[in-house]
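Below is one structure, written out as structure tokens; comments come after it.
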Amino acid sequence: DGIRDVAVTGVQTCALPILDAIEFLSYPFVRAIKGNHEIMFLDLFDGQTLNTKLLSEYQSQQGLFTWVKEATLAELQKLRNAILQLPTAREVQTSRGLVGFVHADVPQGWSWEEFKNSVLEHNKPLLNYAVWNRTRVENSIDTGVKGVGRLFVGHTVVKSVHKLGNVYYMDTGSTFRELYPNEDLKLTMANIVTATQAFSAP
């Protein structure tokens, strides 16, 4: 059960071959959360049908979801159902205290408890903030998040694990390696209970 103490970022479910993504999410040792691309994928559906106009916009303007054309509607629905089961945030009790996970961020000044309660209430602006916002990292705000020992996030690509207060930015860009082959982009795995100084070691 020690595998629960490892955090991985840079793996987007929608960047994997569709059947592999569905299988990946079903593994008992995988504890995934929704990110912005998962939300965008869910937005492609009008009930049981695919919004082809929005899909075309995503593909032509952002180069996203080009793999959809290789999947059947039944496969896409299976992936949609798997993603719908994912939470926006997770937490794990560890020997270093409570550790939280969210894709992008928790609003400045909010405690972890306040954030969790708003997530559970399906507060739409808050849910968008949780998967899209970059205010903390773009402004180097190091006040952290009260009520949680450590918070691990992705979304914003950094060269190496970047710490602001008790918030750790872990997305080192592995998803974009094919797009930018000359960049030093990699997959990051971290023991979430390791000594703090290890995160900033060369």
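The values are calculated or read from the model by the stated rules, or taken from the named source; none is laboratory data. These numbers were taken from a predicted model, which means no experiment stands behind them. Cβ atoms come from the backbone with ideal geometry, glycine included; neighbour counts cover every protein chain shown. Please note that ligands, DNA and RNA were not included when accessible areas were found on the heavy atoms of the full protein model with its side chains. Shrake-Rupley method; radii C 1.70, N 1.55, O 1.52, S 1.80 Å.
Which of the lysines could be linked to residue 146 by a straight reach, that is with a Cα gap under 19 Å, when you skip same-chain ones fewer than 8 residues away?
116, 163
May I ask for the net charge around residue 20, where only other residues with Cβ less than 14 Å from the Cβ of residue 20 are counted and Lys, Arg are +1 while Asp, Glu are -1?
Working: positive: 78; negative: 23, 70, 75.
Local net charge: -2.
Sorting check: for 123-129, 160-166, which peptide has the highest mean count of neighbouring beta carbons within 10 Å, and how do the rest follow? It would help to have the intermediate numbers written out before the result.
Numbers: 123-129: 14.1, 160-166: 16.9.
For the peptides 123-129, 160-166, the packing ranking is 160-166, 123-129.
Go ahead and set up a Gaussian network model of the chain, Cα springs under 10 Å, then flag whichever of 103, 122, 37 fluctuates most.
Highest fluctuation of the listed residues: 122.
At most 14 other Cβ atoms within 10 Å and a DSSP loop assignment: could you name the GluC sites (Glu not before Pro) in the range 96-144 that fit?
Values: sites: 113, 114, 121, 138; in loops: 121.
The qualifying sites are 121.
Could you please state how large a percent of the accessible area of the range 53-122 is carbon and sulfur, counting protein chains only and using a 1.4 Å probe?
Numbers: 1930 of 3900 Å².
That fraction is 49 percent.
Count charges around residue 196 for me, please; just the other residues with Cβ under 10 Å from its Cβ, Lys/Arg as +1, Asp/Glu as -1.
Details: positive: 96, 150, 163; negative: none.
The answer is +3.
Ignoring any ligand, DNA or RNA, what whole percent of the accessible area of the range 145-198 comes from carbon and sulfur when the probe is 1.4 angstrom? Write out the running numbers ahead of the final one.
Details: 1500 of 2920 Å².
After summing per-atom areas, the C and S share lands at 51 percent.
Can you give the calculated 222 nm mean residue ellipticity of the chain, where each DSSP H run of n ≥ 4 adds -39,500 (n - 2.57) and the sum is split over every residue, rounded to the nearest 500 deg cm²/dmol? Numbers along the way, then the final one.
Working: 7 runs with 56 residues, N = 202.
So the helix-based figure for the chain works out to -7500 deg cm²/dmol.
Would you list, by chain and number, the lysines whose Cα falls below 26 Å from the Cα of residue 69, excluding same-chain residues fewer than 8 positions away?
The reachable lysines, counting only those whose Cα sits under 26 Å from residue 69, are 34, 53, 78.
Could you give each residue of the range 27-37 its phi-based ³J(HN,Hα) in whole Hz, using Karplus coefficients 6.51, -1.76, 1.60 with θ = phi - 60°, and x for Gly or Pro?
Per residue, the Karplus-derived 3J(HN,Hα) values read 5, x, 8, 9, 10, 8, 10, 6, x, 5, 6 Hz.
Would you list which lysines come within 20 Å of residue 159, measuring only between C-alpha atoms, while excluding same-chain residues fewer than 8 positions from it?
Hits, sequence-local ones excluded: 186.
Where Lys and Arg each count +1 and Asp and Glu each count -1, what net charge lies around residue 124 among other residues with Cβ under 14 Å from its Cβ? If you can, show how the numbers build up before the last one.
Working: positive: 34; negative: 43, 121.
Every neighbour counted, the sum reads -1.
Arrange the peptides 89-101, 145-157, 19-31 so that the one whose residues have, on average, the most other Cβ atoms within 10 Å appears first.
Numbers: 89-101: 15.9, 145-157: 21.4, 19-31: 13.2.
Descending mean neighbour count gives 145-157, 89-101, 19-31.
On average, how much accessible surface per residue is there in the chain, in Å², for a 1.4 Å probe, leaving out ligands, DNA and RNA? Before the final figure, lay out each step's value.
Values: 11280 Å² over 202 residues.
Accessible area per residue: 56 Å².
What does the charge dipole of the chain about its Cα centre add up to, to the nearest 20 debye, if the Cβ of each Lys and Arg holds +1 and the Cβ of each Asp and Glu holds -1?
Working: 19 positive and 21 negative charges, 68 e Å.
It works out to roughly 320 debye.
Please name which of 174, 107, 54 has its Cα lying farthest along the dipole of the chain towards the positive end, using unit charges on Cβ (Lys, Arg +1; Asp, Glu -1) and the Cα centre as origin.
Farthest towards the positive end: 107.
Roughly what would the spin-label model give for residue 43 and residue 30, points 7 Å off Cα along C-beta, in nm?
About 2.4 nm, to one decimal.
Take every DSSP beta bridge whose two residues both sit in the chain, then give the antiparallel share in percent to the nearest 5.
70
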